[in-house]
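Structure record follows, encoded as structure tokens.
The values are calculated or read from the model by the stated rules, or taken from the named source; none is laboratory data. None of the values given here were measured: they were computed from a predicted structure. Positions of Cβ are generated from backbone atoms using ideal geometry, with glycine treated the same way; all protein chains shown enter the neighbour counts. When the accessible area is computed, the model is the full protein with side chains, heavy atoms only, and any ligands, DNA or RNA have been set aside. Shrake-Rupley method; radii C 1.70, N 1.55, O 1.52, S 1.80 Å.
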Amino acid sequence: MKHRGYNRESDFTCAFDGWENTIQAVSDHSAVEINIPPLIGGRPVTAIGNNAFLGCSKLKWIRIPDTVKSIGNNAFKDCVSLREGVLSTDLEKIGAFA
């Protein structure tokens with residue numbers, strides 16, 4: 001497998017509510033591979049929000065760091081090309097239709 005470096009922090013929109021650092025959206029909906037960094041804004045990425053990758057129809061591969069505990073509803077809705085993912089080993093919750 002070729003090396004898949006982390007995406008830049010600026011590729012994601014995140015929200016920190018004092019408890020969770022949640023990815024709310026990705027800036028490039030034409031991305032084919034996404035390797036989420038474990039830290040964004042100096043804080044661990046702990047969640048992927050509802051609809052975060054909605055419509056990323058070219059996305060084929062994603063790596064979710066072990067810091068992520070939950071994936072929101074419809075997080076990968078309409079990611080029709082998604083074939084492979086490396087999930088967090090600490091994942092506790094996957095929302096409906098994720």
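The table below lists the values:
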{"read-out": "Percent of C-alpha pairs per 5 Å bin, the chain, short to long", "value": "3, 14, 26, 30, 19, 7, 1, 0"}
{"read-out": "Most fluctuating residue given options Ala15, Ala52, Ala75, as computed from a GNM of the chain linking Cα atoms under 10 Å", "value": "Ala15"}
{"read-out": "Accessible surface of the chain [probe 1.4 Å, protein heavy atoms]: carbon and sulfur percent", "value": "51"}
{"read-out": "Label point distance in nm, Lys93-Ser81, each placed 7 Å from Cα along Cα→Cβ", "value": "3.2"}
{"read-out": "Positive-end residue of Ala31, Ala52, Phe97, charge dipole of the chain with Cβ unit charges", "value": "Ala31"}
{"read-out": "Computed FRET value (nearest 0.05) for Lys60 with Glu9, which takes r as the C-beta separation and R₀ as 25 Å", "value": "0.70"}
{"read-out": "Per residue accessible area of the chain, 1.4 Å probe, in Å²", "value": "58"}
{"read-out": "Accessible area of Glu84 in the full protein assembly, 1.4 Å probe (Å², nearest 10)", "value": "90"}
